[in-house]
Amino acid sequence: MQKSTIAKILMAVVLTGWVLPMTSMAEESGEKKEHQKKKPNKDMLEKYDVDKDGTISADEKAAMKEDKKAQKAEFMKKYDTDGDGKLSMDEKAEMKKAKMEAKQAAKDAKEKAKEKANDMVEE
Ligand SMILES: [Ca+2]
């Protein structure tokens, strides 16, 4: 009698152990899909969702476009050194160099953060 009770408990543990992660996984992926479909990017919302209703309205979208334009202007100001409104080969090369340097700097920062995290784990 006792053996069968233990067996039943074991069965229950195994079953719930299997079922629970599966259902929670299904819920999570469903949520994620819903999230991606409906809601714009979190950073975008933080920046452009002025009335904080969780969506980017037409007005907010227009502001976003203006911002992108300003960013492009800033970009041209930075790299269009002769001011002709186009990027020459030299200017493009400069841009590439700057981008690569920025990428490398970001990579270095990431590596450093990783090392720091590893150090903390070892301690
Ligand atoms: Ca130029």
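Of the residues Ala98, Ala102, the single one that is more than 16 Å from the ligand (Cβ to nearest atom) and assigned to a helix (DSSP H, G or I) is Ala102. Return the residue satisfying two criteria in turn: it lies in the range 36-90 and is away from the ligand (no atom under 16 Å from the Cβ) and β-branched (Val, Ile, Thr), and of such residues it is farthest from the chain's Cα centre (by Cα). Out of the qualifying residues, it is Val50.
No lab work stands behind these numbers, since they all come straight from the coordinates. Just so it is clear, the structure is predicted and the values come from calculations on it, not from any experiment. Note: ideal-geometry Cβ built from the backbone for every residue, glycine included; neighbour counts use all protein chains shown.
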